[in-house]
Every structure is written in C-alpha cells, then in structure tokens.
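Shown next, in structure tokens, is the structure this report addresses.
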Amino acid sequence: DKKKMSLVFYLLVPLLVSSESGWINDQSLKDHMGDVSTKPAPRYSLNLDLPGTERWNDIAADYKDEAYRITDYLKSQLPAWAYPTIIQLAADIEPYFKDYGDEMIGLATALDLDLGEIVATNLVYELERIGVNCSNWNNTGPTLDDDAIPFGLSCADARRDYEAKRAAQLLTGPEGLCTSIVTQNDNNAVLHGRNLDWNIPEELKGFVIDVDVYQGGELLYVGTTAVGFVGFLNGMRMQGEKWTVSQDARHHGGRIPLNLVEALAAHALTPEQAIRYTLENTEVQGFDGALSSLSNVQIVTDVYYIMAGEKTNQDAAVITRDRNEPRDVWRLGTPADTPPNHGQQTRGSRQAKSDTNSSTNWWMVETNYDHWNSVPAADDRRDPANEMMLAIGSADQTNHDSLFSVLSTYPVFNAHTTFTTMMDPAAGTYNSTVWYGNFVA
C-alpha cells in the first residue's frame with residue numbers, strides 16, 4: 001500500500017544517494033565537461049554615495065529587456081501554488097531591509113519587475129525548500145506547517161517528493177552547492193579560489209557580474225553577484241588591509257518561519273548580505289576584524305565563510321556558521337578532522353599531514369559539509385580537490401594557473417558550476433570566469 005511504498009522509498013533513497021555509482025563516476029557527465037566555453041563576468045561600478053534607489057540604475061539598464069528571465073527562474077524554483085503568496089510576503093517584508101530595501105525598490109523599478117520578485121530573488125537560498133517538507137522532519141530546511149501543504153498532500157508525500165527531486169539532481173551533480181579553496185602560493189602569500197555551483201540555466205549566466213564598489217570616490221571593495229541580487233556571493237576588500245571571502249551553502253535552506261522571525265527581531269541578514277555588510281563596514285579592519293565580524297553577525301541561515309588575507313601566509317580560515325553563532329573557526333595549518341571549537345580560534349601548527357582528508361599543510365578545501373565530518377560518496381568533491389592540491393607538490397609550486405586548474409577539473413568543476421572566481425589579496429587582483437555549455441537540466 002501507499003505507506004509501505006513510502007517506507008521502501010525512504011530506505012532506498014539513502015542507498016541511491018550514497019552509491020559510488022552516483023554522478024561523480026558518470027563518464028558521460030565527465031565527457032560533457034569537455035564541451036564548455038568561458039567568458040569573463042561583465043564588470044560594473046556601484047557608487048555608494050548615490051541614494052539607494054538609484055545605485056543599480058546603470059547596471060539594470062543593460063538587463064531590463066532580459067529581466068523577465070528572473071521571473072521565469074523564480075517560478076521554476078518555487079511551487080506554483082505558493083508563488084503569489086511568497087511574492088506578496090516578500091514585498092511586505094521589504095521595509096525590514098532598510099538601505100538594502102531602497103536598493104530593491106530601485107532595482108524593481110529599473111528592471112520593471114514586481115518588488116516582491118526582487119525581494120524573493122534576494123531570499124532564493126532561504127526559499128529553496130518551501131512547501132515541500134514538514135516541520136517535524138528537518139530543522140535546517142524551510143518549512144510550512146503541515147496544513148499549508150497544498151491539495152491535501154501529506155507530510156510524508158511532501159518529503160518523498162522532495163527527496164526524489166534531490167536524488168535525481170545528484171545524478172548530474174550538486175545543485176546550489178560550491179567549492180572554495182584557500183592556499184599558500186609561490187609568492188609566500190594566500191590565494192583564494194571558488195566555484196559556485198548554482199545550477200542556473202544558460203540564459204541567466206550572463207546576469208553574473210563583478211562589481212567595483214566605490215565610496216567617497218575611492219574603491220572600497222569588489223564583489224560578485226547576479227543582477228537583481230543586492231548581496232554578494234564573494235568579494236575582496238580593497239581599501240586598507242585586503243582580505244577575501246566566499247560563502248558555501250551549509251545545509252539546504254533554512255526554516256522560513258524561524259528565519260523571518262529571526263530577521264525581524266534581531267536584524268539578521270542573509271549570508272550574502274552579511275558579506276556585503278562586512279565588506280562595506282569601514283570599522284571592520286583587516287583579516288582578523290573581518291573574521292570576527294563574519295563569525296558573529298546575525299544571519300538567517302547556516303553557511304560556511306571561507307577567507308584569506310594579505311598580511312601573512314597564515315591568514316586563511318573557514319568559518320562554520322550556525323544562524324546565531326559560530327560553530328567552528330578552522331585556521332590554516334589545523335587538521336581538518338579537528339572537532340568544532342565553537343568559534344574559539346587557534347592558529348594551526350605547521351606540521352605536514354599525509355592524509356588528504358585531514359591535510360591542511362598549505363591549503364584548505366571547503367565544499368558543503370562540516371570539515372570534521374566525512375562527505376557523502378554521492379557528492380564527494382572534497383577528496384578529489386585535496387588529491388589535486390597534493391599533486392601540485394608544494395606551496396612554492398602553487399599559483400593562479402595551478403589553482404584554477406583544480407577548480408576547472410571534474411568533479412570539482414561539474415555540470416552545475418556557474419562561475420569561478422580567483423582572488424589574490426596580496427596582489428589585489430580579482431576576476432570571475434562564467435562557464436557556458438556545462439549545464440545539464
């Protein structure tokens with residue numbers, strides 16, 4: 001009967017998802033990665049001295065005719081039955097975002113979209129699971145109450161449908177996930193590279209842009225975002241002591257009711273807005289100041305922040321964030337399997353390690369799993385990345401080209417990789433490469 005079928009499904013899905021025969025070992029997917037092309041992300045300027053409603057006007061003008069694709073993307077990500085309600089709710093919470101809210105209003109006008117669509121775009125990570133799970137089975141994904149599931153769909157059915165979707169996605173690679181690597185290089189400094197595996201369709205990849213952000217006529221920072229999005233997915237502070245940050249998803253989504261209460265009550269930010277806030281806050285000085293800020297700023301969902309600095313070749317860290325506090329701060333040189341330290345930072349030793357799963361001699365790899373735990377076999381990008389870094393040989397042989405080679409090699413690079421950003425805080429260089437032709441629906 002239906003209940004027995006559901007039970008069988010729940011027993012089978014973990015086996016399917018953890019199977020060694022998953023997407024990573026699919027030779028056809030690997031072969032498909034040879035048919036790709038690249039373009040540099042378009043580069044724009046943003047002037048913080050302008051009113052918030054006007055800051056994005058020049059950028060939006062180049063995308064207004066294609067802005068309908070944002071609506072199409074949102075509709076593809078959200079349940080049709082919930083879409084109107086979500087858009088209205090999003091518009092209603094705009095005032096909470098304060099200055100960012102003014103920018104959202106300006107973007108909606110400039111792109112000729114509903115305000116709710118722009119706000120929902122800025123919450124897309126937090127909206128990822130809405131309407132397809134139940135509050136009693138997952139405390140890290142956005143939920144609706146059981147009676148909000150549409151058309152009499154039971155909680156078990158909603159969970160089954162969601163897990164089936166996730167299992168299917170793992171046939172082609174990680175959707176909405178990322179890989180970030182920080183490494184010492186041949187200049188005795190720290191280099192930072194990241195892949196964003198957002199799985200956005202080909203026609204939206206042109207919306208990915210690098211933005212030079214100015215204040216008082218001076219370049220304050222540079223960051224990567226998508227048109228319509230006011231947060232930044234990664235960035236580099238250019239003023240004063242330079243440092244870099246990227247964010248990787250931790251757990252899929254967050255609980256929508258709790259997230260909104262958290263946001264309204266404590267002025268929490270999305271992880272991408274927290275990156276922007278820290279890059280923009282001139283009271284935050286240097287790598288250590290930024291690390292402290294990103295460890296403690298209130299955010300609406302769990303995330304990993306990966307960082308590098310210019311001051312010493314030891315300035316690299318991965319922050320594992322819970323919504324309200326740091327779960328762990330992992331410093332370069334500390335074994336990856338070290339238990340979480342709840343934000344009590346210690347600088348790592350310089351002892352070489354031979355096990356690539358726990359090696360942090362001169363590099364660190366973060367995908368989308370807590371570094372002290374193993375990763376699922378069906379989505380193990382960590383071990384191949386560590387093996388490729390080890391094969392480089394040493395920090396003295398590591399440079400922009402060798403790190404980019406790791407990030408552009410399967411399975412670290414895969415069917416869902418949208419862009420790769422290379423950041424060098426010591427040299428002050430920052431550029432993003434957008435990938436075309438690798439998308440597999």
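Things worth noting here:
- Of K30/K75; K75/K205; K75/K242; K39/K64, pairs whose Cα-Cα distance is over 28 Å: K30/K75; K75/K242
- Region 32-37 - phi-based ³J(HN,Hα) in whole Hz, Karplus 6.51/-1.76/1.60, Gly and Pro as x: 4, 5, x, 9, 9, 9
- Radius of gyration and Dmax over the Cα atoms of region 62-131, both given in Å: 11.5, 34
- Using alpha carbons only, the radius of gyration of region 175-248 set against its Kirkwood radius gives Rg/Rh = 1.01.
- Cα centroid of region 372-430 to Cα centroid of region 215-251, whole Å: 20 Å
Throughout, read-outs are computed from the coordinates displayed, never taken from laboratory work. Keep in mind that this is a model prediction, so the values were computed, not measured.
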